[in-house]
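S.K.: Pasting a structure here, questions to come.
The values are calculated or read from the model by the stated rules, or taken from the named source; none is laboratory data. Given the structure is predicted, the values throughout are model-derived calculations rather than measurements. Backbone-built Cβ (ideal geometry, glycine too); neighbour counts: all protein chains shown. Note: accessible area is taken over every heavy atom of the protein model, side chains too, but ligands, DNA and RNA are not part of it. Shrake-Rupley method; radii C 1.70, N 1.55, O 1.52, S 1.80 Å.
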Amino acid sequence: MQIIHSELNINYFDKNIRPISKVASGDTVWVEVQDCYNGQIKTSKDRRSNIDRNIIDCCTGPIEVMGSQAGDTLCVEIKKIIVDRQGIMIIAPGLGTLGDKITEERTKIVPI
């Protein structure tokens, strides 16, 4: 089984970005992914205002399915999802639906 690691991230897709990996149709692939902050927030003391915003909302890829062509429809079966030990919740002034009611930035680490 091929493993594709989460440090092979991009923050947008474009037809000119070269694939980080190639797989055959029907292959089983293990893909590691990061959270939306790309692993930059680890403790309740970390603040969204202090992270590198150029590397948030990244995705792992692109992955080429050999033999596929533009316009093809690909079917992906997700066999298993393993989540990390913790998640994060962030509130900040101006962020989200209630951001106008928030006066202080906070980070909460949530055990999963």
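S.K.: Quick one: is THR103 open to solvent by 100 Å² or more (accessible area, probe 1.4 Å) and at negative phi?
M.R.: Yes; evaluated as a whole, the condition is true for this residue.
S.K.: Right, something else. Take the residues of the stretch 37-67 that are in contact (Cβ under 8 Å) with a residue 12 or more places away in the chain, of a type outside the set (Lys, Arg) and outside any loop (DSSP other than H, G, I, E, B): which is most open to solvent (accessible area, probe 1.4 Å)?
M.R.: ASN54
S.K.: When you scan the stretch 22-36, how many residues do you find that are more than 15 Å from the chain's Cα centre (by Cα) and assigned to a loop (DSSP other than H, G, I, E, B)? Outline the logic, then answer.
M.R.: Start the filter on the stretch 22-36 by keeping residues that are more than 15 Å from the chain's Cα centre (by Cα), which leaves 22-29.
Next, from what is left, pick out any that are assigned to a loop (DSSP other than H, G, I, E, B): 24-28.
Of the residues in the stretch 22-36, 5 are more than 15 Å from the chain's Cα centre (by Cα) and assigned to a loop (DSSP other than H, G, I, E, B).
S.K.: Next up: Quick one: which residue in THR43, THR60, THR73, THR28 is closer than 22 Å to ILE112 by Cα and not aliphatic (A, V, I, L, M)?
M.R.: One residue alone meets the criteria, THR43.
S.K.: Restricting to the stretch 4-36, count the residues that are more than 23 Å from ASN54 (Cβ to Cβ) and open to solvent by 40 Å² or more (accessible area, probe 1.4 Å).
M.R.: 7
Per-residue answers, yes or no, for (1) in contact with a strand residue (DSSP E or B) (Cβ under 7 Å, 6 or more places away or on another chain); (2) among the polar types (S, T, N, Q):
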{"site": "MET1", "(1), (2)": "yes, no"}
{"site": "THR43", "(1), (2)": "yes, yes"}
{"site": "ASP57", "(1), (2)": "no, no"}
{"site": "ILE78", "(1), (2)": "no, no"}
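S.K.: Oh, and also: Run ALA70 past the list (1) modelled with pLDDT of 95 or more; (2) closer than 27 Å to MET1 by Cα; (3) not aromatic (Phe, Trp, Tyr) and report the number of the one that doesn't hold.
M.R.: (1)
S.K.: Next up: List the residue pairs whose Cβ atoms are under 6 Å apart, where the first residue sits in the stretch 86-98 and is under 15 Å from LYS108 (Cα atoms) and at pLDDT 90 or above, the second is open to solvent by less than 70 Å² (accessible area, probe 1.4 Å) and among the charged types (D, E, K, R), and the two are 6 or more positions apart or on different chains.
M.R.: So the pair list comes out as ILE90/ARG48; ALA92/ARG48; ALA92/GLU105.
S.K.: Here is a further query. Every residue in the stretch 78-92 that is over 14 Å from the mean Cα position of the chain (by Cα) and open to solvent by less than 90 Å² (accessible area, probe 1.4 Å), please.
M.R.: If the condition is that a residue be over 14 Å from the mean Cα position of the chain (by Cα) and open to solvent by less than 90 Å² (accessible area, probe 1.4 Å), then GLN86, ILE90, ILE91, ALA92 are the ones that fit.
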